[in-house]
């Protein structure tokens, strides 16, 4: 009956599921920053980098709603098989305050994976810009980009197992990671162990560049978009960004200035995470030049910067 | 096995578990979580005559055991609904009750007239109670206007009619009586309670629209009271209860208070598989009570 094609909802995930899963451990990574390790091979096999999960304490009404957390990474059990997922959170409010008290052996309610995830990598040089707790999607992104793990291997997934045809060398990846102060830096040892080009920035200069993370990001863009020598083409670039909104807007403007493709991972307040509530809207440009509110959860949370009306 | 079927005048449902408008998207969003054909019915997100962008974010904020929302009827309009969502919805093996909101009586009548001719729909729910749209809440706070809209819709549309009422009134019974006089097959009790949340340090409201509607477990006792009052004082008007239902016990309480059916609302957001499980749980609960049908428990509250 309908000849009208549906607008794509790339973040609507047919394999999403709601589960109660056990906590394996909680680990402090930095000031007010904790890694929650959950046991669930099925979620670990279904998720891809950039997707997120909604988490809440089971059977309670205060706090009530789930909260969205990006996949930090999949963890492997003793036999090398995916054993579950890691989520990393910053203690900021009621729910994360409750999460901080969770102990190994307790269970949490979780639904996901949700959202579209980052696009499959096809670039030669990758710039990642992370601000504060916005670093959480990137351990999985890095692991996939370096060819160290295959995500989304669960049988029957619509997208099939993700396969990066040409993994990048560590030297082809730059991570610009900025926080308020050095004590908030999380996972730096891990990033360093990968051998990638890591550029840290702190607002107070307690570690790395003093100032905004956008400054090292712009230097990278300037260098990599310099006019290539005669007879040579420049590298194919990609910029991935997650962090506070003003920072993402600044990175999007820089990427546009240097004509580098850029993807932003948005975090809008969400009630459900799967498109039912219409809370998490963001302004998306329309073909007619106007804008419309679109749901971050099912049309994102990863958006090409150029479609956003920032 | 207990008989779960319920008849709300002309609206006949296989079981009394429905999902509430605005909490279930257009069903597509819930496909990973809910076996749709188990449900008594689906009420998709409110449709308006023309597309609406909705309110500026933040559109929701959590409060103690509750959710404040000011979505603002974000939707693509009636014709896009029919073109994009109807075919999917009516193929899900359950009843679909379209929820509509008009700016004025004329628009309610135009929309219900159009929907009355659509094959596959099982009813119309009139949103005369949305607190987030200027004008929308006005119909449902006035008995005369409530009756006039329901009566008008009844004249132009052959589908069963459910009036979704606002709790933001002095006397919910008077509004329910007006809906009955206008010819409503049932009333849905209730829409959200007007409320707000404040960030005092910045001296700012948290919602983009300043004021929103409160839902979730926090409102359940108040809705339960309204269901009880309407059930006692408006005989012959079936009630679909909605307000903070998060478990089978909540469902049973509303049935005992006098509701013939229930809608699962905010719980779809924090427990997306709940609605699909409740039908089996209801079946088991009735069986363990030794009841032959769900109708035997409706309105069985013993009061002193």
Per the filter on the stretch B:251-281, residues out of contact with any strand residue (DSSP E or B) (no Cβ under 8 Å at 6 or more places or on another chain) and within 14 Å of chain A (Cβ to nearest Cβ) are B:267, B:276, B:277
Just one of B:61, B:133 is within 14 Å of another protein chain (Cβ to nearest Cβ), modelled with pLDDT under 95, more than 16 Å from the chain's Cα centre (by Cα) and more than 30 Å from residue B:294 (Cβ to Cβ); which is it? B:133
Can you find even one residue in the stretch B:114-125 that is more than 21 Å from residue B:9 (Cα to Cα), touching a residue at least 12 places away in the same chain (Cβ under 8 Å) and touching a helix residue (DSSP H, G or I) at 6+ places or on another chain (Cβ under 9 Å)? yes
Filtering the stretch B:29-51 down to residues that are within 26 Å of residue B:109 (Cβ to Cβ), away from chain A (no Cβ under 14 Å) and assigned to a loop (DSSP other than H, G, I, E, B) yields B:49
Considering each of A:186, A:145, A:130 in turn, give the residue that is within 18 Å of the chain's Cα centre (by Cα), under 29 Å from residue A:58 (Cα atoms) and crowded, with 23+ Cβ neighbours inside 10 Å. A:186
Which residue out of B:71, B:118, B:97 is in a loop (DSSP other than H, G, I, E, B) and surrounded by 23 or more Cβ atoms within 10 Å (Cβ to Cβ)? B:71
Could you pull out the residue among A:276, A:255, A:226 that is under 21 Å from residue A:309 (Cα atoms) and either at pLDDT 95 or above or in the same structural domain as residue A:139 (by TED's automatic domain parsing) (or both)? A:255
Criterion first (away from chain A (no Cβ under 14 Å) and without any contact (Cβ under 8 Å) to a residue 12 or more places away in the chain) does residue B:284 satisfy it? yes
Members of the stretch B:155-189 that are surrounded by fewer than 24 Cβ atoms within 10 Å (Cβ to Cβ) and within 12 Å of residue B:129 (Cα to Cα): B:167, B:168, B:169
Step by step: first the residues of the stretch B:16-28, then only those that are crowded, with 24+ Cβ neighbours inside 10 Å and touching a helix residue (DSSP H, G or I) at 6+ places or on another chain (Cβ under 7 Å), then the one that is farthest from the other protein chains (Cβ to nearest Cβ). Which residue is that? B:16
For residues that are part of a loop (DSSP other than H, G, I, E, B) and within 14 Å of chain A (Cβ to nearest Cβ), scanning just the stretch B:190-237, find the one that is farthest from the chain's Cα centre (by Cα). B:201
The stretch B:285-304: number of residues that are within 26 Å of the chain's Cα centre (by Cα) and either loosely packed, with under 13 Cβ neighbours inside 10 Å or farther than 19 Å from residue B:13 by Cβ (or both): 2
Going by the structure shown, is residue A:18 more than 17 Å from residue A:299 (Cα to Cα), out of contact with any helix residue (DSSP H, G or I) (no Cβ under 6 Å at 6 or more places or on another chain), surrounded by fewer than 23 Cβ atoms within 10 Å (Cβ to Cβ) and within 9 Å of chain B (Cβ to nearest Cβ)? yes
Consider only pairs whose beta carbons are under 7 Å apart and that are at least six residues apart or on different chains; among these, list those whose first residue lies in the stretch A:86-102 and is within 14 Å of chain B (Cβ to nearest Cβ) and without any contact (Cβ under 8 Å) to a residue 12 or more places away in the chain and whose second residue is outside any helix (DSSP H, G or I) and surrounded by fewer than 16 Cβ atoms within 10 Å (Cβ to Cβ). A:97/A:91
Quick test for you: out of A:102, A:111, pick the one residue that is out of contact with any helix residue (DSSP H, G or I) (no Cβ under 6 Å at 6 or more places or on another chain) and surrounded by fewer than 23 Cβ atoms within 10 Å (Cβ to Cβ). A:102
More than 14 Å from chain A (Cβ to nearest Cβ) and more than 18 Å from residue B:32 (Cα to Cα): is that true of residue B:248 in this structure? no
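For (1) in contact with a strand residue (DSSP E or B) (Cβ under 9 Å, 6 or more places away or on another chain); (2) in a strand (DSSP E or B); (3) away from chain B (no Cβ under 14 Å), each residue gets a yes or a no:
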residue: A:35; (1), (2), (3): yes, yes, yes
residue: A:45; (1), (2), (3): yes, no, yes
residue: A:61; (1), (2), (3): yes, no, no
residue: A:105; (1), (2), (3): yes, no, yes
residue: A:108; (1), (2), (3): yes, yes, no
For the stretch A:65-83, does any single residue satisfy the condition of being over 16 Å from residue A:36 (Cα atoms) and in contact with a helix residue (DSSP H, G or I) (Cβ under 6 Å, 6 or more places away or on another chain)? yes
Looking at this structure, is residue B:12 surrounded by fewer than 20 Cβ atoms within 10 Å (Cβ to Cβ) and in a strand (DSSP E or B)? yes
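The values are calculated or read from the model by the stated rules, or taken from the named source; none is laboratory data. This structure is a prediction, so every number in the text was calculated from the model and none was measured. Here Cβ is always computed from backbone atoms with ideal geometry, including for glycine, and neighbour counts include all displayed protein chains.
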